[in-house]
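Below: one structure, written as structure tokens.
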Amino acid sequence: MTHRERWVRVMHFQPVDHIPDEEFGAWNENFPVWQEQGLPKDVNNNSDFDRYFQFAPRSGIPANVGLSHGFKSEVLEDTDQYRIYIDGNGVKQQVFKDGSSSIPHYLEFPLKDRKSWEELFLPRLEIELESRYPENRSDWEQIKARYSDPGWSIPVGITIGSLFGWIRNWAGFEGVSMLCYDDPDLVKEMVSHLAALISKVIHRAVHEIKIDYAAGWEDIAFNHGPILSPKMFREFVTPNYRRIADTIREANPDAVIYTDCDGNINDLIEPWLEGGINGLFPVESAAGSDPIAIRKKYGDRVVMLGGVNKRALIAGKEAIKEELERIKPYVDEGGWIPHVDHRVPPDVTFENYVYYLHLKREMFGIPHPEEFESRPEIKAIKAKWKGVL
Amino acid sequence: MADLEGIAENVIRGQAPKVKALVEEAIAENVNAGDILREGLIKGMGVVGEKFKNNEFYVPEVLIAARAMKMGMELVRPLLADAGVEPVGKIALGTVKGDLHDIGKNLVGMMLEGAGFEVVDLGIDVSPEQFISSITEHEVQVIAMSALLTTTMPSMKTTIDAISEAGLRDNVKVLIGGAPVTQKYADEIGADGYARDAASGADQAKVLVGVA
């Protein structure tokens with residue numbers, strides 16, 4: 001069974017030899033911390049991370065559904081303590097240099113009203129195809145040929161970007177919240193425009209290449225639920241997801257369409273399903289999105305990627321074992337590729353992560369990758385566990 | 001005749017211009033500023049907080065209500081001293097050292113103001129020393145700390161320890177909250193209170209200053 005066959009079968013609740021060996025990566029802050037704990041110095045980012053642990057790959061179709069050209073990145077102020085700059089989304093932000101956090105403090109957002117939407121964003125979101133596919137037609141033909149080869153063994157997917165999340169990024173959390181009341185017609189117009197653009201761009205790809213999945217993102221929930229009410233989400237967003245989902249499923253009725261949304265997503269699942277989204281990622285258990293409760297409520301209407309509580313990895317080996325034993329019967333039902341419910345934070349030790357990965361592979365029958373297992377630092381960690389495993 | 005009920009109702013509905021007009025009307029009719037504050041603005045925000053806790057209101061509804069409340073508050077604030085109205089308490093609020101998230105902290109600040117507190121907003125990435133300074137400089141009764149990340153949560157303990165070492169622990173109550181924070185963690189680090197959401201933060205603060 002190839003990885004692609006395995007991935008598709010799991011996502012359709014069909015029997016497999018084992019679940020796909022996928023994980024979501026780690027915070028950038030982890031790499032220097034873990035390097036002090038044994039991770040080789042040349043593992044510095046999530047691409048290195050995937051290669052090092054030998055996770056199963058994915059193939060993405062290169063079709064850009066976002067801004068056709070970014071805003072001009074510009075440093076406005078650079079001191080010993082901090083830097084203030086404008087990023088490719090036009091967002092003015094401040095980052096501190098004391099190493100306390102790599103997460104920026106947002107100072108100003110470019111999307112404020114209809115004028116800024118029309119002047120700054122619409123020209124970057126023109127509904128056309130040429131700038132959104134590989135420049136060279138022959139490159140596209142090669143990609144098509146590669147992914148359409150019956151022997152292609154890696155799951156093939158396309159990104160469908162975001163509807164409300166992008167607007168949140170451009171207007172800010174408070175800005176988009178206010179716009180929902182101050183100018184609801186503008187919010188509806190922006191979401192509808194994005195849906196039209198995304199549908200148009202992916203139409204060619206999904207009709208020329210058989211995709212296994214489409215992946216979007218929202219990130220519009222926090223630990224007590226969505227930032228906006230399900231009623232408002234249904235009014236502003238759901239019908240637009242339906243347009244995108246219809247475009248995908250007219251080409252491949254079996255394609256999984258999933259969205260990435262951190263936080264407590266429970267109240268958004270039904271509106272997503274109504275819009276044709278049937279997959280959830282990363283199912284942030286720690287924020288109240290319990291994958292087992294979701295499975296019990298929605299059964300095979302929903303597939304999941306993620307759902308392993310990151311806090312178990314912080315707590316230690318016993319908690320890791322308990323967490324994996326808790327989810328195993330439901331993972332075994334199919335429709336769920338378990339991995340950590342967000343990028344691994346730096347308060348998870350390298351040893352705990354290796355333990356988690358070893359136990360997950362062991363419990364779910366995933367073959368232990370030979371090259372990874374033969375690494376001296378992994379052997380040294382495992383030698384300490386005699387009697388534990 | 002002044003419509004305090006209407007002020008509360010329009011705060012709940014986030015109708016800032018209407019709140020402004022009704023507060024102006026009440027002031028023109030010489031209604032006591034304390035009554036406008038308590039029976040109009042605070043009462044309205046109290047309902048908003050309850051609805052937020054019960055998932056009847058979400059962030060947009062809270063933000064437009066807070067904006068309406070603030071518009072009324074700007075008109076009433078200059079009159080409060082003359083009316084002999086004191087805030088229900090004074091509280092310093094900040095996101096802990098290393099954490100630059102301020103959305104949750106800002107929501108808590110709105111709820112606290114809506115509950116009648118004077119809020120000293122220390123901002124983001126607040127060091128233990130800055131929290132301590134707020135006790136001595138502003139004489140706050142409560143320190144409220146927020147953290148979004150498990151990695152920055154330990155700054156809450158560091159701050160509480162620093163307050164104790166400065167000999168000020170008996171002068172102030174400590175309230176904590178944020179996505180990874182739990183009551184258990186609050187108990188472990190010796191905080192006086194924990195709030196699971198912004199509205200509960202205002203409720204807890206009232207308990208800590210003895211007005212609930």
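The values are calculated or read from the model by the stated rules, or taken from the named source; none is laboratory data. Please read all numbers here as calculations on a predicted model, not as lab measurements. Every residue, glycine as well, gets a Cβ built from its backbone with ideal geometry; the counts of neighbours run over all protein chains shown. The accessibility values were calculated without ligands, DNA or RNA, using every heavy atom of the protein model including side chains. Shrake-Rupley method; radii C 1.70, N 1.55, O 1.52, S 1.80 Å.
Odds and ends about this structure:
- When the square roots of the Cα gyration tensor eigenvalues are ordered a ≥ b ≥ c, the ratio a/c for chain B is 1.5 or more and a/b exceeds b/c, which makes its shape prolate.
- Per residue solvent-accessible surface (Å²) - chain B, probe of 1.4 Å: 42
- Degrees between helix B:154-165 axis and first principal axis of chain B (Cα, 0 to 90, nearest 10): 90
- R0 of 22 Å, Cβ-Cβ distance A:Ala383-A:Gln37: FRET efficiency to nearest 0.05: 0.90
- Cα-based reach from A:Lys72 at 24 Å (exclusive), listing lysines while leaving out same-chain residues under 8 positions away: A:Lys92, A:Lys97, A:Lys112, A:Lys115
- With a Förster radius of 30 Å applied to the beta-carbon distance between B:Asn55 and A:Lys112, the computed FRET efficiency rounds to 0.55.
- Placing dummy labels 7 Å off each Cα toward the beta-carbon, the span from B:Asp35 to B:Glu137 is 3.9 nm.
- Once the chain from A:Lys328 to A:Glu270 is taken as fully extended at 0.36 nm per residue, the excess over their C-alpha distance is 18.4 nm.
- Length-normalised contact order of chain B in % [C-alpha pairs under 8 Å, at least 6 apart]: 18
- Contact order normalised by residue count of chain A, Cα under 8 Å, 6+ apart, percent: 18
- Whole-percent carbon and sulfur share, accessible surface of the protein assembly as shown, 1.4 Å: 49
- Within region B:36-144, none of the trypsin sites (Lys or Arg not before Pro) combine a DSSP coil assignment with at most 10 other C-beta atoms in a 10 angstrom radius.
- Checking every one of the trypsin sites (Lys or Arg not before Pro) in region A:1-105 against DSSP loop status and a limit of 16 other Cβ atoms within 10 Å picks out A:Lys41, A:Lys72, A:Lys97.
- Between 0 and 90 degrees, the angle of helix B:59-80 with respect to the longest Cα principal axis of chain B falls at about 70 degrees.
- Helical runs (DSSP H, four residues minimum) scored at -39500 (n - 2.57) apiece and divided by the length of chain B put the mean residue ellipticity at 222 nm at -16000 deg cm²/dmol.
- 18 Å Cα-Cα threshold exceeded, pairs from A:Lys360/A:Lys382; A:Lys317/A:Lys382; A:Lys188/B:Lys105; B:Lys53/B:Lys105; B:Lys20/B:Lys43; B:Lys53/B:Lys206: A:Lys188/B:Lys105
- On the basis of the beta-carbon distance and an R0 of 35 Å, B:Asp170 and A:Lys296 show a calculated FRET efficiency of 0.10.
- Rounded accessible area per residue of chain A, 1.4 Å, Å²: 42
- Extension gain (nm, one decimal) between B:Glu129 and B:Gln183, 0.36 nm per residue minus Cα-Cα: 17.0 nm
- Computed per residue of chain A from DSSP H runs no shorter than four, each worth -39500 (n - 2.57), the mean residue ellipticity at 222 nm is -12000 deg cm²/dmol.
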